[in-house]
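J.: I'd like to ask some things about the structure below.
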Amino acid sequence: MSVGEQMDSRQQTSVKDWDIVVVDDDPYSLDIAKIILTHHKANVHTAINGQQALEVIRAVSPRFIISDIS
(Lines give C-alpha, C1' and ligand atoms only; values in the text may rest on other atoms or scores of the structure.)
Protein backbone atom coordinates (compact mmCIF):
# COMPACT_ATOMS: atom_id res chain seq x y z
CA MET A 1 0.00 0.00 0.00
CA SER A 2 1.40 3.39 -0.98
CA VAL A 3 1.62 6.34 1.41
CA GLY A 4 -1.18 8.04 -0.52
CA GLU A 5 -3.44 5.02 -0.11
CA GLN A 6 -2.65 4.90 3.61
CA MET A 7 -3.59 8.56 3.97
CA ASP A 8 -6.84 8.04 2.05
CA SER A 9 -7.80 5.08 4.22
CA ARG A 10 -7.40 7.00 7.50
CA GLN A 11 -10.52 8.27 9.16
CA GLN A 12 -10.70 12.03 8.76
CA THR A 13 -11.96 14.14 11.64
CA SER A 14 -13.56 17.44 10.75
CA VAL A 15 -13.73 20.48 13.02
CA LYS A 16 -16.68 21.87 11.09
CA ASP A 17 -19.09 23.61 13.46
CA TRP A 18 -16.90 22.94 16.51
CA ASP A 19 -16.64 25.79 19.00
CA ILE A 20 -12.91 26.23 19.58
CA VAL A 21 -11.32 28.71 21.98
CA VAL A 22 -7.79 29.91 21.20
CA VAL A 23 -5.89 31.66 24.02
CA ASP A 24 -2.69 33.54 23.30
CA ASP A 25 -1.27 36.91 24.31
CA ASP A 26 0.26 37.34 20.85
CA PRO A 27 -2.32 38.88 18.46
CA TYR A 28 -0.43 37.54 15.43
CA SER A 29 -0.67 33.96 16.73
CA LEU A 30 -4.38 34.42 17.42
CA ASP A 31 -4.94 35.69 13.88
CA ILE A 32 -3.07 32.79 12.30
CA ALA A 33 -4.93 30.21 14.38
CA LYS A 34 -8.26 31.86 13.59
CA ILE A 35 -7.54 31.95 9.85
CA ILE A 36 -6.57 28.27 9.76
CA LEU A 37 -9.45 27.03 11.91
CA THR A 38 -12.03 29.23 10.18
CA HIS A 39 -10.84 27.84 6.85
CA HIS A 40 -11.83 24.42 8.21
CA LYS A 41 -15.27 25.79 9.18
CA ALA A 42 -14.73 25.89 12.96
CA ASN A 43 -16.39 28.52 15.14
CA VAL A 44 -13.35 30.24 16.59
CA HIS A 45 -13.40 32.31 19.78
CA THR A 46 -10.26 34.08 20.95
CA ALA A 47 -8.94 35.39 24.25
CA ILE A 48 -5.75 37.28 25.09
CA ASN A 49 -5.42 36.25 28.73
CA GLY A 50 -6.63 33.75 31.31
CA GLN A 51 -9.46 35.89 32.66
CA GLN A 52 -10.86 36.55 29.20
CA ALA A 53 -10.45 32.85 28.36
CA LEU A 54 -12.53 31.82 31.38
CA GLU A 55 -15.29 34.23 30.36
CA VAL A 56 -15.34 32.92 26.79
CA ILE A 57 -15.24 29.28 27.94
CA ARG A 58 -18.18 29.83 30.30
CA ALA A 59 -20.17 31.56 27.55
CA VAL A 60 -19.40 29.12 24.74
CA SER A 61 -18.72 25.69 26.31
CA PRO A 62 -16.18 24.86 23.59
CA ARG A 63 -15.41 21.43 22.29
CA PHE A 64 -11.69 22.21 22.13
CA ILE A 65 -9.32 24.75 23.73
CA ILE A 66 -5.91 25.75 22.37
CA SER A 67 -3.66 27.70 24.72
CA ASP A 68 -0.04 28.69 24.99
CA ILE A 69 1.05 28.33 28.58
CA SER A 70 4.25 30.06 29.53
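J.: I'd like to check one number: the per residue accessible area of region 30-70, probe 1.4 Å, reported in Å² as a whole number.
T.: Computed with neighbouring chains in place, this is 75 Å² per residue.
J.: Shifting gears a bit: Which distance in nm do the two modelled labels at residue 17 and residue 41 give, with both placed 7 Å along the Cα-to-Cβ direction?
T.: 0.9
J.: Right, another one. Which far-off residues, 5 or more places away or on another chain, put their amide H under 5 Å from the one on residue 18, with H placed in the peptide plane?
T.: 43
J.: If I model a spin label at residue 28 and residue 55 as a point 7 Å from the Cα along the Cα→Cβ vector, what separation in nanometres do I get?
T.: Spacing of the two 7 Å Cα→Cβ label points: 2.6 nm.
J.: Next question, about the same structure. In sequence order, what are the phi-derived ³J(HN,Hα) couplings for region 16-23 according to the Karplus relation 6.51 cos²θ - 1.76 cosθ + 1.60 with θ = phi - 60°, rounded to whole Hz, with x for glycine and proline?
T.: Running phi through 6.51 cos²θ - 1.76 cosθ + 1.60 with θ = phi - 60° gives 4, 6, 6, 8, 10, 9, 10, 10 Hz.
The values are calculated or read from the model by the stated rules, or taken from the named source; none is laboratory data. The structure displayed is predicted, hence computed values, not measured ones. Using ideal geometry, Cβ is built from the backbone for each residue, glycine included, and neighbour counts are taken over all protein chains shown. When the accessible area is computed, the model is the full protein with side chains, heavy atoms only, and any ligands, DNA or RNA have been set aside. Shrake-Rupley method; radii C 1.70, N 1.55, O 1.52, S 1.80 Å.
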